[in-house]
Structures are given as C-alpha cells and as structure tokens.
Amino acid sequence: MGYGYWGSKHVRVLSSMPDVSVTVVDISPERLRDAAARCPTVRTAAHLGHVIDDVDAVVVATPPSTHFPIANRALGAGRHVLVEKPMATSVPDAEALVATAARHGAQLMVGHTFEYNPAVRRLRDIIRSGVLGRILYIDAARLNLGQYQRDVNVIWDLAPHDISIASYLLDELPVSTAVWACRNIGRRHADVAYLRLDFPTTHAFVHVSWLNPNKVRRTTVVGEQKMAIYDDLSDNERIRIYDIGVDPAGADDAQATGDMPVSYRTGDITSPYVPFREPLMIQDGHFVECIRTGRQPDTPGERGLEVVRVLAATDRAIATGQSSPVFGAPGVAPVLVPSSRAAS
Ligand SMILES: NC(=O)c1ccc[n+]([C@@H]2O[C@H](COP(=O)([O-])OP(=O)(O)OC[C@H]3O[C@@H](n4cnc5c(N)ncnc54)[C@H](O)[C@@H]3O)[C@@H](O)[C@H]2O)c1
C-alpha cells in the first residue's frame, strides 16, 4: 500500500524475490501509472478492498495517520501486515493493532529498518563485547533539508529510527524523555527537535531536523574505554572505533589548581569491515520468511508499540515543558494516572 518514496523501494525489493508477486495499491492514479511503467510485472489497484481477497500480506507504506485504519483492516481480514514506522500515531491505535493481529492469528511486523542494518547489528556486537567499556551516552543526529510531513512532526517522522537504534544497541527501553522542539516554517508541526531519552543505564541525545543544510545520519556511542561512530552515509567506513578517552586526574585535589583536571588517552582509529546488504532487502525478506515459517518477526507489533509509547511521551514532554515518563515501559506505570486520582 502506497507507491511513494519509500513504498516504491518496497516494491523493488519484494518484486525481486522468488515466488513473491506484488500488487501495488495507491489512491493516486498518477502513482499507479508510475508503478506500472517502472515495474511491468506488478498488478495495480486503487483500493485495498479490490484485492484483499487475492493477497496473503500487506505492506503499509502510506502516511503515518493512515497506518492504523489500513493495517487494522488488513489484520482484521487475517492478512499478515508489515507497517512502516511509526507503526501508528497513538498508543491506543498501536495497542489495537497488536490485539487485532493476535485475535486473527496474523503476523504484525513494524518497519524499523535500522534493526536490520548490518552496520547497526555490528555496532551492537561491539557494544556487547565490552570493548567500549561502560556506555556513558549515545548521541544521534538525523538531519536534512527534509520532506515536511502533513500529518506528523519531525519527531514522529524521523526519531522512530533513533529510538529504535538506541534501544536496540542498549537492549533497553527509555523510561522517560525530555524534548526541546521548534516550529520554524509553517504553523503545523515542529521541524527541529532535540530529545533526551533516559535509559535505565545511560542517556541518548537525539537531534532530528527537516531544516538543515547538511544531510547527517550519525550515531555516536561514547564509552568509558573507547568511542564509536556509526555514519550511515559513509561508503566504506560506516563504523569507526576510536581508542580514545578521558580520565579524571586530581580533579578533586584542591591544591592542584594549575593542573588539567583530566588526562587524555589517544590511540588508533579502526574501522571494521561490514559487508553491505540493503537493510530493506533483509527486512522484507525476513517478513516473507516469517509468513512462510510462522516465526515471530524480530521487530513484531509489540516493538512498534514500544516506540510509539516513547513518541507519545515526547508529545507530553512538549505539552508540559517537562520530562515525561514513558508509560508502559518496564518499571513505569502502564498509563497516565489523572492528577486527582494520583493525589488520593
Ligand atoms: N523505514 C524507513 O527507513 C522509511 C523511510 C522513509 C519513509 N518511511 C515511512 O514510509 C511511509 C511512507 O513515506 P513516504 O516518504 O514514502 O511518503 P510519500 O508521501 O512519498 O508516499 C505515500 C504514498 O501513499 C499514498 N497514499 C496516501 N494515502 C493512501 C491511502 N489511504 N491508501 C493508499 N495509498 C495512499 C500516496 O498517494 C503516496 O503515493 C511513512 O510512514 C514513512 O514514515 C520509512
């Protein structure tokens, strides 16, 4: 569903898979004409209802506000569904998708593409091996002169990737978030934002922007022993490990006023070889495999729900100007308790 910028990539990779036949559904006749011209083997249809009886699964790559109605309908008809990020635009809608999938015995998977990215997987292995030491913080930037969205702000558009990457790398979920967001162009949505995600063991700082002259897709992991940078735009050094660090040196010694309060360690910068495989190809291939085998996807609907809960917390943080708990995260209350009840 949806033959736009991203849906056309799904169509390309799915059409290249053996024994997969693709039907493109889009409300735009122009987009359907484009699909037919580029991929002569695909069928096209203007409405899901016209073809739902003929398909096993639906990939939803339409604007975020349409994800819930389309995915819920497909799941309700017993079809397996892969929904793009963000899985839904509210926690109740995301919960309803998970429940509908369970009720109808259908697979529900969310398109957190970076969790299928070989470089992100390698970075997680590096963190788990302990070579970076204790993780002090993660810093992420996803900037561009980006496509302004009609139905969501820049956080709901871009930060699902960074929330999913940070939580995948740390194997933890954020429990609270604080946000600074700014609406520069138009009246509709924030187009620049900075997030602080509080994980049980560390913090991640995420900068997302539709209003930046440079395209940046970078995750920096600062460890006590070493530091690593994952640059998704680099051709051949997507991960670099810096053997550098800073140690306290007499910082608490009141007599040592003229000395530096820290000492620096510097060493090699290394870049592990990460064979390139298109993450979307891996992700969509995994979806097909899960349908065929009944295996639970690596990014099931519950994972999409976890990220939507964090996004909902960013909305509350913006509205209140304060740090907001991620309701439903481990150790955090499942729902917002109204203040009158909280006081009693
Ligand atoms: N995983 C990733 O890395 C990644 C990257 C980019 C976009 N996305 C996600 O993919 C989705 C689509 O983004 P995009 O940039 O391709 O948007 P887009 O605007 O380029 O394309 C959306 C398409 O959906 C069609 N459409 C709209 N409403 C529809 C409906 N009710 N039924 C059928 N078709 C409908 C439009 O005509 C259009 O062709 C979004 O959820 C976005 O967040 C994911």
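Observations on the structure shown:
- Long-range HN-HN contacts of Val58 with modeled amide H, under 5 Å: His80, Val81, Leu82
- Surface per residue (accessible, 1.4 Å probe) for the chain, Å²: 49
- At least 18 Å along the helix axis (C-alpha) and Kyte average at least 0.5, DSSP helices within the chain: 154-170
- Ellipticity estimate at 222 nm from DSSP helix runs (n ≥ 4, -39,500 (n - 2.57)) divided over the chain, nearest 500: -10500 deg cm²/dmol
- When trypsin sites (Lys or Arg not before Pro) are flagged only if DSSP places them in a loop and at most 12 other Cβ atoms lie within 10 Å, the longest unflagged stretch of the chain comes out as 1-133.
- If only the Cβ of Lys and Arg carry +1 and only the Cβ of Asp and Glu carry -1, the dipole of region 116-184 around its Cα centre is close to 140 debye.
- DSSP beta bridges confined to the chain are antiparallel in about 70 percent of cases.
- Proximal lysines relative to Lys9, as straight alpha-carbon distance under 27 Å, when same-chain residues fewer than 8 apart are discounted: Lys85, Lys215
- Alpha-carbon centroid distance for the pair region 24-76 / region 274-314, whole angstrom: 20
- Carbon and sulfur %, accessible surface of the chain computed with the full protein complex present, 1.4 Å: 52
- Alpha carbon centroid spacing (whole Å) that separates region 143-212 from region 84-104: 21
- Accessible area of Glu30 (1.4 Å probe, protein heavy atoms only, ligands and nucleic acids ignored): about 120 Å².
- Charged side chains reduced to their Cβ positions (Lys and Arg at +1, Asp and Glu at -1) give the chain a dipole of some 780 debye around its Cα centre.
- Dipole size of region 115-276 about its Cα centre, with +1 on Lys/Arg Cβ and -1 on Asp/Glu Cβ: approximately 700 debye, rounded to the nearest 20.
- Checking every one of the chymotrypsin sites (Phe, Trp or Tyr not before Pro) in region 82-155 against DSSP loop status and a limit of 16 other Cβ atoms within 10 Å picks out Tyr148.
The values are calculated or read from the model by the stated rules, or taken from the named source; none is laboratory data. Values in this document were obtained by computation on a predicted structure and should not be read as measured data. Virtual Cβ from ideal backbone geometry, glycine too; neighbours counted across all protein chains shown. All accessible areas refer to the heavy atoms of the entire protein, side chains included, with ligands and DNA or RNA removed. Shrake-Rupley method; radii C 1.70, N 1.55, O 1.52, S 1.80 Å.
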